[in-house]
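Written out below as structure tokens is the structure these notes cover.
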Amino acid sequence: MKFMSKFEGPWSTPKEPLDIKTGEWRSQRPVTKREKCRQCGWCFIFCPAGCIEEKAHYFTADLDYCKGCGVCSNVCPAKAIMMIREEI
Amino acid sequence: METFFDTLKIEENICPPGCGVCREKCTQVQRSKGKNGSGIHEFHIPDLGVHMANTCNQCSEPVCLDACPSGSISKDEKDGIVRIDEKRCLGCGLCNLVCPYGGIDYRADEKKAFKCDLCDGSPECVNVCPVKGISLMKARSIVGYFHEDPLLKGSSLCVGCPAETTLRFVLRVMGKDTFLFGAPGCATNVINGQGIKCMINIPSHMSNMTTVPSTMTGVKRYYRRLGKDVKCVAFVGDGCATDVGFQPLSGAAERNENIIFMCYDNEGYMNTGIQRSSTTPYGGWTTTTPAMGRRKGKKMASKNVPLIMAAHEIPYVATAVIGYPEDFLNKLLKAMAVKDGMSYIHILSPCILGWGYSIPASLEVIKAAVETNYFPLWEYERGKYRITYEVKNPKPITEYTKLLKKFAHLEKEEIDELQEIVNRRFNRIKRLTEAF
Amino acid sequence: MKRKKHILIGAGTAALCALKQIRRLNREDEIKLVSMEDSLPYSPTALPYIISGKVGVSDTFLVSEGFFKKLKVEFLKNRKVERIYGENKEIVYDKGIREGYDSLLIATGSEPVVPDIPGLYEGEFLTIRGIKDAQALIEKVKEGNSAIILGAGLIGMHIAQCLSEKNMKVKVVESLPSILPAYFDKEASEIIRGIMEGKGIECLTGKKATRIEWKGGKVEVNLSEGGSVEGDLLVVAVGVKPRTEIVDGSGIKIENGGIAVDDRMRTSMDDVYAAGDVASAKAFFTGENGLNPILPNAAEQGRVAGSNMVGVDTVYEGWIPMNTFSYFGHTAISVGMPFSSEKDEVHVRKINGTDTYRKLIFREDRLMGVTFIDTEVNAGVFNYLIRKKVPVGEYKMSLLEFPRETSLYLMQQAEKKETISLEE
Amino acid sequence: MSSIDLRGQIRVLDGNRAGAYGVLLCKPDVIASYPITPQTPLLETLYKFEAEGLFDPEMVEPEGENSAMGTLIGACAAGGRTFTATSSQGLSFMNDAYLLAAGNRFPIVMAIGMREQVSPHGVISGQQDAVLVKDHGWIQIYTESCQEILDSIIMAYRLAEDEDVLLPVNVCYEGFYLSHHSQRVEIPRQEEVDAFLAPLKGMNRLKWTLEEPMVFSSYTVPPELYTEYRYKMCMAHQRAKAKFDEIDREFAAKFGRSYGGQIEEYRTEDAEIIIVTMGCSTGTAKVVVDRKRDEGVKVGLVKIRMFRPSPKERLIKVLNGKKAIGVIDRNVCYAWNCGHNYIEIKTVLSDLDRPLPVLLDFIAGLGGADITDKHVEKVVERTIDAAKGKTYEPVTWLSLE
């Protein structure tokens, strides 16, 4: 008998994290104009996917998970995040 | 972890024609510091109907800094402000020549460059703008309360769903010592993970729609018996909180269980495909309140659940939206501080698909809901009602309804009725704040 | 990942910008900055201000001593790099010491051009490129004395202004018909000239120096078409040329007198980059390589080079001529093409009773160049509109009437357009 | 010492109070209960115990049965021992959470004071409420006496919390006949019960902790995973059967009382015919069996204690070679026009050696009606006749004759 779960019931643990690369859903991607980023972090707060990361001196999206919703670009007070169409 | 500099945000297209209050104030403030100029400019091109303001972007890689031949421009690592060392400034004007965003001015008469220094952290323009078009965005004061996000990346919620933003916000504030409770609904996808894979780093329970408050009770009480204080937080939709799960919610409130119950209200059964719930608004389109033939959306007004919860006289009840994060944060902190009873937070959470608006516009929708008093932000704290965000000049409800396809079929008559409901409800809250 | 070693030769704006960029993008790599001079980095652009006494020498250093330590950069002063061996990825210092690199930036800048005029070397003339030159000139400044400046370019005119402010009598000799000929058209140039001459600066344009004679502490410059001017000191400021001797014998390609680079600031030798005054780089308008030794270019080329040196692929869009000149409380600004061609649409606005002058050059609905005298604008915004090829068709007249407002509006709109989500 | 602390004593108690002492002795952490006749006095007694300080569980007063079960789900997931009781429509109303508890493998113990379901309305005894949820994933133990209620609750915790089982357990007793009728009850001493339950302390049980966060009740994809959980649950049910026999033997050794484990076999060894009962009518039936034995009739009795999971193996063993079986059912199955145990036994028949015994069903005692010795005598007589070859309708509605 082959089992998938080590548990008796329908339980799960973050030790086995669900890793869906939701970046594949994306039809457009955010590109931060690095030099223009004010590091205000508003995109970090508002990114629904929780995928904004801080680099040396700017914020940018983790494109493995970014679904391309455009909220970061929308809330950016510096207009430093461009939405670029993904080419297939 | 993150830097998070305070930053000015200037709203677009809301400067009143001819206004120059921000510039005048800035000039005045700078003059008091012995400087001559304004760091903010408002502009009017009447022919084009352009009324706007512009100021320094405080770039992270300032080209003005790179182009300054005397090294007199610096970016402060602590507050991110790009400043000019006046003593060293040559007055050559190169900074003005290279800045693409018009953020730095060169004054030929004084041979000095001049720019916004954010008043070193408390910009005066923010206070004087008559239309509240300038705001200081202070993420640091919010993220200062953040813990590591217990929710992993890669949730299968819809692209851009504000409920996910809200849940992350809540969980970041709540931190790791939290038990999270959910019920079947959109957030399920986030809380549960799939199969044997999990996507949350805190203990979480996927309950039935009818058992969330009671399950929380069980956990809270068991840990209380063990002498441990744990946070039990529910994040459920309006179907669970206000319809089929309302009885247990009311029961837990009556027992005054020490739990934090949050309803993200997307005004319908969205995970099953947009059916009406008791919080679907008057006139709102859903698949079970269609707008076709003899029907014009929902016939009756929504159930005013936060007010009903306040009537339980639990220690804390609030309405909140992610669009006003400072307000939301304060409410979360208040709810967390309650140790002797229940807190209930009712969150308006627009549904892109179910309400019909463009994906990134959630915050605009949320703000319009607040600015029209459709969803007033208030709290009930131990007997006292308080409006936490006063809207000075509430906009007509059409400013909200026009954003949403679910109201697209409404005609004047229905709009008037909806406006009447909004007014009545706001007045009720207003009077409660005055009476209690 | 392996730590790489970047060597940057030169300590001007280009090298520093490359350095800052490398550090922004990479916190680990080793960086070494090699300067021929023994001071902290400075910009030649600041030198006239030292002469005028507006600032002291120490106020013009681009960075402080602590800067290098903080960025974990080794700063070698007083070292000359003699030669580059590309095949071994090595450089050789003046004392024969060799050092390997993973990537190398040549940002040695430029040096003054000294024209071949009979008699010039028989006396002590001055050029202005280094701090020592500035200090030498300061020593010779004496109220009431007169100075002759060869060259009416930006440096020449700037020094003329500085010396005039020190109450010296100044005569500027320029072989071309107008002053500031590279950046301003005839009309603008005349306006500037008018103000300069109003302050007592004599501008002798269209005249070549044919012979220099030195007699008893005085210098006499004989001019073409006859006549001569006499002064107490002579400053030669006819232009600059790339300082390229470092690549001699290395095989690195030279063109237009500078080190040829591609649109990533790469020279013809692998892993060797060049930026700033020394580089012959792509011009924005023509796409052809050329020299444009101005500070904003040095900064941008340095940034582009730095990015590419750490493997972040960055394309140089090309240089755009631009300059700003402040003189006696006036400002002249030129961005983009200063001169129009036949296919261009030109709009000029002058305001009576003032020195205000505005010229806008359009090609179809794109802005190509602007000139502003005594007009308050955010000059960089025009650079933005030109570089981003922002369509300005219906705003041409508005740009002329309300240049600052309209340019900011167009810039904001263009920025907004870039950030608008495509999802509906 | 509280006057109601009767631990270690022998008293006359009704089933609700006897059950309450069973709960008290097991020291649950969280109790949540909503009143419904006839189990109400059980929970009232628990609230009294807590008020008197006999034990100190968290006493939750939920606003309905579903919330009562919800509370236990939370507490049990967190690692607590929990208890609730309900009846009839309360159980129906609890169904949402009732299923969740089983699916999540939460070892909750719940008493059911059995009562008929609506409609018609009636606060009347029956077994219909409990048998209706026979496939909801709970283990169900049916009791015959007040003593057995008490003892079964203690055994239920041993069974539910066993790491090889981890299933919720119902202890079922008929309303009024047991809940409100008093009998002699030996109430064990606390130390005895503590010792009996001690093995549970060393057992592994996944808990909901902040240190090792887990999600309980995950969203199940793919379908194979769902199948896996169902298979594992079936296996747990199967393991519970022998485990329950073991627990019963251990209980007998410690307390001197045995109920036979999954089933009680009463004078079955040389019996030719077997009467099958479940619940409190067993006592009456035993009297009749004794009487018939005195008359020389080779009749025996099987009492179904563990209705779920099915005590199949034990039934096969005891029913093999018998000539006829008469089942007394205090419940109905609409689909087959019979009682539920009749279906259960009929299912077992195919596994018996040939010739198969004749099987008769007798529906009796519905709606609170008594099952008298006269009824049982009729059952025995007809079963004997059937064994001798007389033909009967398979199902007899005894009360309607």
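Angle, helix D:281-294 long axis vs. longest principal axis of chain D, Cα atoms, 0 to 90°, nearest 10?
With both axes taken from Cα atoms, the answer is about 30 degrees.
If you wrap a convex hull around the Cα atoms of the stretch D:100-226, how much volume per residue is inside, in Å³?
Working: hull volume 19.2 nm³, N = 127.
Convex hull of Cα atoms, per residue: 151 Å³.
Test of understanding: what is the full-extension gain from D:MET203 to D:GLN190, defined as 0.36 nm times their sequence separation minus their Cα-Cα distance?
Numbers: separation 13, 0.36 × 13 = 4.68 nm, distance 2.09 nm.
Between D:MET203 and D:GLN190, full extension yields 2.6 nm more.
What translational D, rounded to a whole number of µm²/s, comes out for the stretch C:229-282 from Stokes-Einstein when the hydrodynamic radius is the Kirkwood one over Cα pairs, at 10 °C and 1.306 mPa s?
The calculation lands on 126 µm²/s.
Got a sec? Which residues of the stretch D:10-41 lose 30 Å² or more of accessible surface with every protein chain in place, vs. that chain alone, 1.4 Å probe?
D:ASP29
With the contact rule set at Cα under 8 Å and sequence spacing of 6 or more, what percent relative contact order holds for chain D?
Answer for chain D is 16 percent.
Obtain the nm distance between the two label points defined at C:ARG27 and C:ARG264 by a simple spin-label model: each point lies 7 Å from its Cα along the Cα-to-C-beta direction.
So the two model labels end up 2.6 nm from each other.
Within the stretch C:329-419, how many Lys pairs sit with Cα atoms under 23 Å apart, leaving out pairs fewer than 8 places apart on the same chain?
Going through the stretch C:329-419 pair by pair, I get 16.
Quick query: amide H of A:LEU18 versus all other amide H atoms, modeled in the peptide plane; which residues come in under 5 Å with a sequence gap of 5 or more or a different chain?
Answer set, sorted by chain and number: B:CYS198, B:MET199.
Can you give me the Rg/Rh ratio for the stretch B:91-191, using Cα atoms for both radii and the Kirkwood formula for Rh?
My calculation puts Rg/Rh at 1.23.
Mind listing the Cα extents of the stretch B:197-267 along all three principal axes, in Å, largest one first?
38, 36, 16
What nm distance separates the two modelled labels at D:LEU349 and B:GLU12, each placed 7 Å from Cα along Cα→Cβ?
8.1 nm
Give me the 1.4 Å probe accessible area per residue for chain C, excluding ligands and nucleic acids, in Å².
41 Å²
May I ask which of C:LYS207/C:LYS241; A:LYS15/D:LYS241; C:LYS166/C:LYS218; B:LYS153/B:LYS303; B:LYS33/B:LYS87 have a Cα-Cα span longer than 24 Å here?
Where the Cα-Cα span goes over 24 Å, the pairs concerned are A:LYS15/D:LYS241; B:LYS153/B:LYS303.
Using alpha carbons only, how many angstrom separate the centre of the stretch D:84-98 from the centre of the stretch D:216-287?
22 Å
Consider a paramagnetic label point 7 Å from the Cα of B:ARG140 along Cα→Cβ; state which residues of the stretch B:110-124 have an amide N under 19 Å from it.
Label zone hits: B:116-124.
Could you please report the charge total around D:LYS243, scoring K, R as +1 and D, E as -1 over all other residues with beta-carbon less than 10 angstrom from its beta-carbon?
-2
For chain A, compute the orientation-averaged projected area of the C-alpha convex hull (one quarter of its surface), in nm².
8.3 nm²
When Cβ neighbours within 10 Å are restricted to other protein chains, what is their mean count per residue of peptide C:296-304?
Per residue, the average neighbour count from other chains is 3.
Between C:ASP313 and B:GLU254, what FRET efficiency comes out of the Förster formula 1/(1 + (r/R0)^6) with R0 = 56 Å and r the beta carbon distance, rounded to 0.05?
It comes out at approximately 0.30.
Over all directions, what mean area does the Cα convex hull of the stretch A:34-85 project, stated in square nanometres? Intermediate values should be presented prior to the final figure.
Numbers: hull surface 13.1 nm².
Computing the convex hull of the Cα atoms and averaging its projections yields 3.3 nm².
How many angstrom lie between the Cα centre of the stretch D:322-386 and the Cα centre of the stretch B:271-334?
Going from one Cα centre to the other spans 56 Å.
Step through the residues of the stretch D:174-186 one at a time and calculate ³J(HN,Hα) from phi using the Karplus curve (6.51 cos²θ - 1.76 cosθ + 1.60, θ = phi - 60°), rounding each to whole Hz and writing x for Gly and Pro.
Couplings: 5, x, 6, 4, 10, 4, 10, 9, 9, 9, 6, 9, 8 Hz.
Using only the alpha-carbon atoms, what does the stretch B:7-140 span along each of its principal axes? Please give whole angstrom values in decreasing order.
Largest first, the stretch B:7-140 extends 39, 37, 28 Å along its Cα principal axes.
Which of the residues in the stretch B:159-174 show a loss of at least 20 Å² in accessible area from their chain by itself to the complete set of protein chains, at a probe of 1.4 Å?
Residues shielded by partner chains are B:VAL159, B:GLY160, B:GLU164, B:THR165, B:ARG168, B:ARG172.
Leaving out ligands, DNA and RNA, what percent of the accessible area of the protein assembly as shown is carbon and sulfur, probe 1.4 Å? Please report the intermediate quantities before stating the final value.
Working: 25440 of 50880 Å².
About 50 percent, which is the carbon plus sulfur part of the accessible surface.
Simple spin-label model, 7 Å along Cα-to-Cβ: D:GLU250 to C:LYS70 in nm?
Distance between the two pseudo-spin positions: 7.0 nm.
Which residues' amide hydrogens lie under 5 Å from the amide hydrogen of C:ASN145, considering only partners 5 or more residues apart or on another chain, with H built in the peptide plane?
Here C:LYS169 satisfy the definition.
Per residue of the stretch B:300-317, in order, report the coupling 6.51 cos²θ - 1.76 cosθ + 1.60 (Karplus, θ = phi - 60°) as ³J(HN,Hα) in whole Hz, putting x for Gly and Pro.
Once rounded to whole Hz, the list reads 10, 6, 6, 6, 8, 5, x, 5, 5, 5, 5, 5, 6, 6, 6, x, 9, 9.
Quick check for me: using +1 on Lys/Arg Cβ and -1 on Asp/Glu Cβ, what's the dipole size of the stretch B:148-435 about its Cα centre, in debye to the nearest 20?
360 debye
Rounded to two decimal places and with Rh computed the Kirkwood way over Cα pairs, what is Rg over Rh for the protein assembly as shown?
A ratio of 1.17.
For the stretch D:31-80, I need the span (max minus min coordinate) of the C-alpha atoms along each principal axis, in Å, sorted largest to smallest.
Between the extreme Cα coordinates on each principal axis of the stretch D:31-80 lie 27, 25, 14 Å.
Using the alpha carbon gyration tensor of the stretch C:120-238, what are the three equivalent-ellipsoid semi-axes (square root of 5 times each eigenvalue), largest first, in whole Å? Could the numbers behind the result be given before it?
On the way: eigenvalues 89, 56, 34 Å².
Those come to 21, 17, 13 Å.
Can you flag which of D:LYS286/D:LYS388; B:LYS197/B:LYS228; B:LYS132/B:LYS299 are past 32 Å Cα-Cα?
Among D:LYS286/D:LYS388; B:LYS197/B:LYS228; B:LYS132/B:LYS299, the Cα-Cα distance tops 32 Å for B:LYS132/B:LYS299.
Residues in the stretch C:168-196 near a label at C:ASN256, defined as backbone nitrogen under 16 Å from the 7 Å Cα→Cβ point?
Counting only backbone N, you get C:182-183.
Could the peptides B:236-246, B:275-285, D:327-337 be put in order, highest first, of the mean number of other beta-carbon atoms found within 10 Å of their residues?
B:236-246, B:275-285, D:327-337
For the stretch C:16-87, with equal point scatterers placed on the C-alpha atoms only and solvent neglected, what are the log10 I(q)/I(0) values from the Debye formula at q = 0.13, 0.21 1/Å, to two decimals?
So the normalised log intensities are -0.49, -1.01.
Where in the stretch C:71-157 are there GluC sites (Glu not before Pro) that are in a DSSP coil and have at most 10 other Cβ atoms within 10 angstrom of their Cβ?
Of the GluC sites (Glu not before Pro), the ones in loops of the stretch C:71-157 whose Cβ has at most 10 other Cβ atoms within 10 Å are C:GLU87, C:GLU143.
Can you give the calculated 222 nm mean residue ellipticity of chain D, where each DSSP H run of n ≥ 4 adds -39,500 (n - 2.57) and the sum is split over every residue, rounded to the nearest 500 deg cm²/dmol?
-12500 deg cm²/dmol
Over the residues of the stretch D:264-400, compute the C-alpha Rg and express it relative to 2.2 N^0.38 Å.
Details: Rg = 13.4 Å, N = 137, 2.2 N^0.38 = 14.3 Å.
Cα-based Rg divided by the globular estimate yields 0.94.
Based on the Kirkwood radius over alpha-carbon pairs, what value in µm²/s does the Stokes-Einstein equation return for the translational diffusion coefficient of chain C at 25 °C and 0.890 mPa s?
The calculation lands on 106 µm²/s.
Suppose R0 equals 22 Å. What FRET efficiency, 1/(1 + (r/R0)^6) with r the Cβ-Cβ distance, do D:TRP336 and D:LEU99 give to the nearest 0.05? List each step's numbers first, then the result.
Values: r = 24 Å, r/R0 = 1.09.
The pair D:TRP336/D:LEU99 has a calculated efficiency of 0.40.
Around C:SER228, which amide H atoms from residues at least 5 apart in sequence, or from another chain, sit under 5 Å from its own amide H, with H modelled in the peptide plane?
C:LEU223
For the stretch C:210-321, how big is the tail of P(r) above 19 Å, as a whole percent of Cα pairs?
In whole percent, the long-distance tail amounts to 54.
Put C:GLU300, B:GLU379 in order of accessible area, largest first, 1.4 Å probe: what do you get?
Ranked from most to least accessible, the order is C:GLU300, B:GLU379.
Expressed as cubic angstrom per residue, what is the convex hull volume of the alpha carbon set of chain D?
Hull volume over Cα atoms, normalised by residue count, gives 144 Å³.
Could I get the Rg over Rh figure for the stretch B:302-418? Both from C-alpha atoms, Rh via Kirkwood, rounded to two places.
Radius of gyration relative to Kirkwood radius: 1.01.
If one takes the accessible area of chain B alone plus chain D alone and subtracts that of the pair, with a 1.4 Å probe, what total in Å², rounded to the nearest 100, results?
So the total buried area for this chain pair works out to about 3100 Å².
Could you run the numbers on buried accessible area between A and B, total for both chains, 1.4 angstrom probe, in Å² to the nearest 100?
Details: alone 7040 and 21320 Å², together 24040 Å².
Chains A and B together bury roughly 4300 Å² of accessible area.
First measure r as the distance between the Cβ atoms of C:ARG366 and B:LYS384, then evaluate 1/(1 + (r/R0)^6) with R0 = 51 Å and state the FRET efficiency to the nearest 0.05.
Efficiency, from the Cβ-Cβ distance: 0.25.
Based on alpha-carbon centroids, what's the gap between the stretch C:79-100 and the stretch A:42-88 in Å, whole number please?
44 Å
Using C-alpha positions alone, give me the convex hull volume of the stretch C:329-419 per residue in cubic angstrom.
87 Å³
In whole Hz, with x marking every Gly and Pro, tabulate ³J(HN,Hα) for the stretch B:121-129 from phi via Karplus 6.51 cos²θ - 1.76 cosθ + 1.60, θ = phi - 60°.
x, 10, x, 6, 4, 4, 6, 9, 4
For the stretch D:1-84, which trypsin sites (Lys or Arg not before Pro) are in a loop by DSSP, counting at most 12 other Cβ atoms within 10 Å?
none
Please compute one quarter of the surface area of the Cα convex hull for the stretch B:148-435 and express it in square nanometres.
Working: hull surface 57.8 nm².
Averaged projected area of the stretch B:148-435's Cα convex hull equals 14.5 nm².
Can you give me the solvent accessible area of B:HIS409 with a 1.4 Å probe, rounded to the nearest 10 Å²?
40 Å²
When you look at the Cβ of every residue in B:177-183, what mean number of other chain Cβ atoms sits within 10 Å?
For this peptide, the per-residue mean of nearby foreign Cβ atoms is 2.
The values are calculated or read from the model by the stated rules, or taken from the named source; none is laboratory data. Everything numeric here is computed off the predicted structure, so don't read it as measured data. All Cβ positions, even for glycine, are placed from backbone atoms using ideal geometry, and neighbour counts span all protein chains on display. Areas reflect the complete protein model, heavy atoms only, side chains present, ligands, DNA and RNA absent. Shrake-Rupley method; radii C 1.70, N 1.55, O 1.52, S 1.80 Å.
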